Amino acid sequence: KEAYQFILNKTTFYAESGGQTGDTGMLEFANESIEVLDTKKENGLILHFTEKLPTLVEGTVHASVNAIRRKNTEIHHTATHLLHAALRKVLGTHVAQKGSLVNADHLRFDFSHFARLTEQELFLTEQMVNEKIRENIPVIIREMPREEALKTGAMALFGEKYGEVVRVVIIDPEYSIELCGGTHVGHTGELG
């Protein structure tokens, strides 16, 4: 099946990165709408994947993200941060994220630990995550120099490439501070 890639000078679409899937939505050209099936980044460019070309490619393009899918993805991404922090508090700070998948339907969180989790550890982790959701904590996103971010205690995932200025996601400075370029909810209560 043929696929096409559109590059826009500005976009609101999130490109697949760090385990979070790319946005879907619509591109509107004059009087024609084309569905965006996926969004990826290559060589610093954001690519919008479609199955067809518009009749006229010239002029202004209106890009609209599938808001429901984006919101569900944001919920799952914020949940991975809550889960990561809970696992580190329940199991120990040796726990480190080794991979993840975040999309509109679910999340998968891979981590390292020296043993299988017990029923009690699972219960405590779930209880802590649910408590943080009920607290309706603001999810604060800041950009700052990488060294400053690391001094705050922000977790940087091994192997990720970070520039001099990084994006920091804070869910209670005493609970979760991570370097992250993904999309998130405004408050943890939205996960309920």
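Which of the residues that make up the range 1-36 are in a strand (DSSP E or B), touching a residue at least 60 places away in the same chain (Cβ under 8 Å) and out of contact with any Phe, Trp or Tyr (no Cβ under 9 Å at 6 or more places or on another chain)?
SER17
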Legend entry - Flag if LYS52 is under 24 Å from HIS76 (Cα atoms), out of contact with any helix residue (DSSP H, G or I) (no Cβ under 6 Å at 6 or more places or on another chain) and among the basic types (Lys, Arg): no
Legend entry - Given (1) outside any strand (DSSP E or B); (2) farther than 25 Å from PRO173 by Cβ, index of the condition ARG108 fails: (1)
Inset, instruction - Identify, by number, the condition in (1) in contact with a Lys or Arg (Cβ under 7 Å, 6 or more places away or on another chain); (2) open to solvent by 20 Å² or more (accessible area, probe 1.4 Å); (3) in a helix (DSSP H, G or I) that LEU82 doesn't meet. - result: (2)
Legend entry - Lone unmet requirement of (1) in contact with a Gly (Cβ under 8 Å, 6 or more places away or on another chain); (2) surrounded by fewer than 18 Cβ atoms within 10 Å (Cβ to Cβ); (3) not basic (Lys, Arg) for VAL102: (2)
Inset, instruction - Quickly run through the range 19-53 and pick out the residues that are among the small types (Gly, Ala, Ser) and surrounded by 16 or more Cβ atoms within 10 Å (Cβ to Cβ). - result: GLY19, GLY22, GLY25
Inset, instruction - Scan the range 162-172 for residues that are in contact with a Ser or Thr (Cβ under 8 Å, 6 or more places away or on another chain), under 12 Å from LEU82 (Cα atoms) and either free of Cβ contacts under 8 Å to residues at least 60 places away in the same chain or open to solvent by 20 Å² or more (accessible area, probe 1.4 Å) (or both) and report the count. - result: 1
Legend entry - Tally of residues being within 17 Å of GLY182 (Cβ to Cβ) and at pLDDT below 85 across the range 144-157: 3
Inset, instruction - Identify, by number, the condition in (1) in contact with a helix residue (DSSP H, G or I) (Cβ under 8 Å, 6 or more places away or on another chain); (2) modelled with pLDDT of 95 or more; (3) closer than 27 Å to PRO138 by Cβ that GLY19 doesn't meet. - result: (2)
Inset, instruction - Give the number of residues within the range 114-140 that are closer than 25 Å to GLY189 by Cβ, outside any helix (DSSP H, G or I) and open to solvent by less than 70 Å² (accessible area, probe 1.4 Å). - result: 4
Inset, instruction - Answer yes if at least one residue in the range 89-98 is surrounded by fewer than 12 Cβ atoms within 10 Å (Cβ to Cβ), part of a strand (DSSP E or B) and in contact with a Phe, Trp or Tyr (Cβ under 9 Å, 6 or more places away or on another chain), and no otherwise. - result: no
Legend entry - Residues (open to solvent by 70 Å² or more (accessible area, probe 1.4 Å) and touching a residue at least 12 places away in the same chain (Cβ under 8 Å)) located in the range 142-151: ARG142, GLU143
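The values are calculated or read from the model by the stated rules, or taken from the named source; none is laboratory data. Remember, predicted model here, so these are calculated numbers, not experimental data. Cβ atoms come from the backbone with ideal geometry, glycine included; neighbour counts cover every protein chain shown. With ligands, DNA and RNA removed, areas are computed over all heavy atoms of the protein, side chains included. Shrake-Rupley method; radii C 1.70, N 1.55, O 1.52, S 1.80 Å.
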